[in-house]
Amino acid sequence: AKPKERVHGALLNAAITVWNTPNILNCCIIGSLFESAMYIFIFLWTPALTSIENELNPNPVNAIVDGAGLEDDPHSDENLPFGWIFSSFMVCCMLGTIAFSHLSNAGVTASRCLVGVLALSSLSFLAMAAPHSSVSIENDANFVSMNSAAYTIQYAG
């Protein structure tokens, strides 16, 4: 058989195996849904933060003069420190991984860790959904705990 035919046969066999094995299919579906949520977050976090910042501070500090007048410079991070924000994402990733490692070494099962992570995530999402008039330190703490929880779920699986 030609190499292409062997590859197609192997891929077809793998697809049939996944479809006929509910545990594997469920794992694939859950993984796909989680990753799609993470990719949506990746693509939308900067526009979302910029939109919120524009609502909280309607007079931009960084404006460039174009022929038609003042416009926001989308490539400037004078108003929002995107480097620091992304760094906090990575720190949360590290903290979630360390927390899971310590908990699993202490004998806590992955399912118990998941229950705690989901509870913390739910509280964080509820706190962020609560109406507020300005950005506060509590929202920053909720943001950090939410990201730690998300990355713990990713690496616990």
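Structure notes:
- The residue that is farthest from LEU44 (Cα to Cα), among those in segment 86-103 that are of a type in the set (Gly, Ala, Ser) and touching a residue at least 24 places away in the same chain (Cβ under 8 Å), is ALA99.
- Residue-level check: of (1) modelled with pLDDT under 80; (2) within 24 Å of SER121 (Cβ to Cβ); (3) not acidic (Asp, Glu), GLY31 misses just (1).
- Hey, ALA14 modelled with pLDDT of 85 or more, open to solvent by less than 70 Å² (accessible area, probe 1.4 Å) and farther than 29 Å from MET128 by Cβ or not: yes
- A single entry from TRP45, TRP84 fulfils the requirement of being surrounded by 14 or more Cβ atoms within 10 Å (Cβ to Cβ) and either touching a strand residue (DSSP E or B) at 6+ places or on another chain (Cβ under 9 Å) or modelled with pLDDT under 90 (or both): TRP45.
The values are calculated or read from the model by the stated rules, or taken from the named source; none is laboratory data. These numbers were taken from a predicted model, which means no experiment stands behind them. Neighbour counts run over all protein chains shown; Cβ positions are idealised from the backbone, glycine included. Only protein heavy atoms, including side chains, enter the accessible area calculation; ligands, DNA and RNA are left aside. Shrake-Rupley method; radii C 1.70, N 1.55, O 1.52, S 1.80 Å.
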